[in-house]
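S.K.: Please see the structure below; I have some questions.
Every number in this text was worked out from the coordinates using simple rules, so none of it is lab data. As the structure is a computational prediction, the values presented were derived from the model and not from experiment. Quick reminder, even Gly has a Cβ in these numbers, built from the backbone with ideal geometry, and neighbours come from all protein chains shown.
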Amino acid sequence: MTPEQLKKFEEDIAGIYEKGKIKAPVHLRDGNESYLVNIFKDIKAEDYVFSTWASHLHALLKGVSPERVKQDILEGRSITLHYPHYNFYSSAIVGGIAPIALGVAYSLNDKQNRRKGPRCFCFIGDMSFHTGIVNECIRYSIGHDLPIVWVVEDNGKSVGTDTEATCGIKTFDLFNQLRQLIKDYQCKNCKIMYYEYETRYPHSGTGVFVEF
Amino acid sequence: MNYKEEVQKGMDLLAEQSNSIFIGQAVEYKGTALTHQVKNFPSSKLLELPVAEEMQAGFALGLALEGYLPISLYPRMNFIILGMNQIINHLDKWKAMSCGMSNPKVIMKAVVGSRYPLDPGHQHQANYTQAFKSMVKNIDVLELICPAQIMPAYQKAIDSDRSILIAEFGDLY
């Protein structure tokens with residue numbers, strides 16, 4: 001899908017949500033479509049994708065049909081989309097998906113710690129990126145050079161909280177530390193990516209109808 | 001029938017499963033009573049992890065997604081509560097979250113710290129089995145207080161498609 005198609009998909013969902021027809025929270029994004037399209041060019045069908053509570057666009061780019069994603073959103077499953085046949089999973093728990101992705105990444109190496117083929121891609125928001133559990137997982141994946149790509153999606157906010165002002169550490173500085181660690185350990189499989197974006201939507205919903 | 005011997009038979013049964021893997025602290029290195037229960041298993045079946053219980057609990061779920069039968073070992077009941085985020089919020093709800101399409105199974109074992117011959121104090125003696133039972137819907141929680149319960153519990157852990165938490169008692173080892 002193109003960035004324009006992704007944007008249109010979210011606008012369609014926003015319109016339906018504002019009519020009160022979705023009886024569950026939806027987490028829309030905007031402004032990151034082009035980044036995601038580029039990242040997903042490197043993600044193959046057999047690769048695993050682990051995502052957050054805002055996973056519509058990730059699921060679409062993993063190959064799940066817009067009709068199916070839309071149906072699941074309408075049925076109230078936006079916050080934890082799961083598509084096992086596409087190796088796609090998400091979680092609504094901050095940082096919670098990271099160790100699950102890590103366990104799968106471990107399984108994707110053979111007994112000699114060589115990669116068998118597929119990789120994991122684990123998407124995490126900026127506040128999740130600051131949590132202890134995510135940092136434990138990233139460090140372990142670096143230390144064992146597991147086939148996992150961590151993608152930090154930084155919109156500067158956790159719900160409405162300013163991540164950097166609250167944590168006192170710049171998210172990009174934390175990313176740089178871990179990127180340097182990956183270089184120092186000469187990892188061939190483990191990688192980390194980062195992009196910044198601004199979204200016009202609030203954390204949940206559209207600002208109209210009801211807030212979660 | 002001896003508690004410790006029955007536990008070892010149960011662990012041996014788990015080790016016989018072709019896809020089983022024992023993970024946690026002190027499985028490859030000496031350190032706890034659980035070390036003795038896995039010391040004769042092939043090294044390929046043992047994975048020492050950092051002391052990071054939440055990571056371990058989620059890691060086990062990930063292993064199960066890829067076809068492993070993870071046996072996630074927690075040397076103390078008060079350690080496993082650090083992994084409850086993963087156990088309650090993910091493992092217990094994963095099948096429902098995926099509309100029944102994905103059902104990873106994890107076998108967990110936690111030990112209530114022994115009081116004799118050394119009293120470890122308030123923290124290590126805790127038994128949260130009842131609290132676990134009240135918080136999960138899709139994980140079986142079995143408290144093993146006598147030898148006759150042990151082999152049926154381990155057999156159930158293998159045969160069932162549900163995850164299971166086995167609580168044992170250090171004083172009975």
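S.K.: What lysines could a cross-link reach from residue B:156, if we take a straight Cα to Cα line under 30 Å and drop same-chain neighbours fewer than 8 places away?
M.R.: Reachable lysines: A:111, B:4, B:9, B:30, B:39, B:45, B:93, B:95, B:105, B:109, B:133, B:137.
S.K.: Here's a follow-up. Residue A:166 versus residue B:17, label points 7 Å from Cα toward the beta carbon: distance in nm?
M.R.: The answer from the label model is 3.9 nm.
S.K.: Taking N as the number of residues in the protein assembly as shown, what is its Cα Rg relative to 2.2 N^0.38 Å?
M.R.: Its radius of gyration relative to the 2.2 N^0.38 Å reference: 1.03.
S.K.: If you line up the Cα atoms of chain B on their principal axes, what length do they span on each, largest first, in Å?
M.R.: Answer, in whole Å and largest first: 48, 34, 33 Å.
S.K.: So for chain A, considering every pair of alpha-carbon atoms, how many percent are separated by more than 32 Å?
M.R.: 15
S.K.: Treat the count of other C-beta atoms within 10 Å as a stand-in for reagent exposure and order A:89, B:3 from fewest to most.
M.R.: Ranked by crowding around the Cβ, least crowded first: B:3, A:89.
S.K.: Would you mind pulling out the separation of the Cα centroids of the range A:15-29 and the range B:72-89, in Å?
M.R.: If we compute the Cα centre of each part, the gap is 35 Å.
S.K.: Here is a follow-up. Starting from the Cα of residue A:183, draw a straight line to each of the lysines and keep only those under 19 Å, dropping any in the same chain fewer than 8 residues away.
M.R.: The reachable lysines, counting only those whose Cα sits under 19 Å from residue A:183, are A:191.
S.K.: Check cross-link reach from residue A:70 to the lysines: straight Cα distance under 18 Å, and skip same-chain residues fewer than eight apart.
M.R.: A:7, A:8, A:19, A:21, A:23, A:62
S.K.: Another question, then. How big is the Cα convex hull of the range B:104-173 in projection, averaged over all directions, in nm²?
M.R.: Here the figure is 5.1 nm², rounded to one decimal.
S.K.: Just checking the protein assembly as shown: which Cys have no other cysteine's beta-carbon under 4.7 Å?
M.R.: A:120, A:122, A:137, A:167, B:99, B:146
S.K.: Take the alpha-carbon centre of the range B:106-173, take the same for the range B:8-34, and report the distance between them in whole Å.
M.R.: Here the answer is 15 Å between Cα centres.
S.K.: Based solely on its DSSP helices, what 222 nm [θ] is calculated for chain B when runs of n ≥ 4 H residues each add -39,500 (n - 2.57) and the sum is averaged over all residues, nearest 500 deg cm²/dmol?
M.R.: After summing the helix terms and dividing by residue count, I get -10000 deg cm²/dmol.
S.K.: So what is the relative contact order for chain B, in percent, with contacts set as C-alpha pairs under 8 Å and at least six apart?
M.R.: Once normalised by length, the contact order is 25 percent.
S.K.: Indicate the gyration tensor shape class of the range B:22-90 (rounded, prolate or oblate), computed on the Cα atoms with a ≥ b ≥ c the square roots of the eigenvalues: a/c under 1.5 is rounded; otherwise a/b larger than b/c is prolate and the rest oblate.
M.R.: Oblate.
S.K.: Nearest 500 deg cm²/dmol is fine: what mean residue ellipticity at 222 nm does chain A get from its DSSP H runs of n ≥ 4 alone, each adding -39,500 (n - 2.57), divided by its residue count? Can you show the working numbers first?
M.R.: Numbers: 9 runs with 87 residues, N = 212.
Roughly -12000 deg cm²/dmol at 222 nm, from the helical runs in chain A.
S.K.: Still on this structure, please answer the following. If one computes P(r) from the Cα atoms of the range A:120-212, what percent of pairs lie at distances over 23 Å? Display every interim value, and only then the final one.
M.R.: Details: 1251 of 4278 pairs.
That fraction is 29 percent.
S.K.: For the range A:194-200, in order, what is each residue's ³J(HN,Hα) by Karplus, 6.51 cos²θ - 1.76 cosθ + 1.60 with θ = phi - 60°, in whole Hz (x at glycine and Pro)?
M.R.: 8, 8, 10, 8, 10, 10, 8
S.K.: Neighbouring Cβ atoms within 10 Å as the yardstick, rank A:179, A:119, B:76 fewest first.
M.R.: Listed from fewest to most nearby Cβ atoms, that is A:179, B:76, A:119.
S.K.: Can you tell me the 0 to 90 degree angle between the C-alpha axis of helix B:53-65 and the longest principal axis of chain B, rounded to 10?
M.R.: The angle comes out at about 50 degrees.
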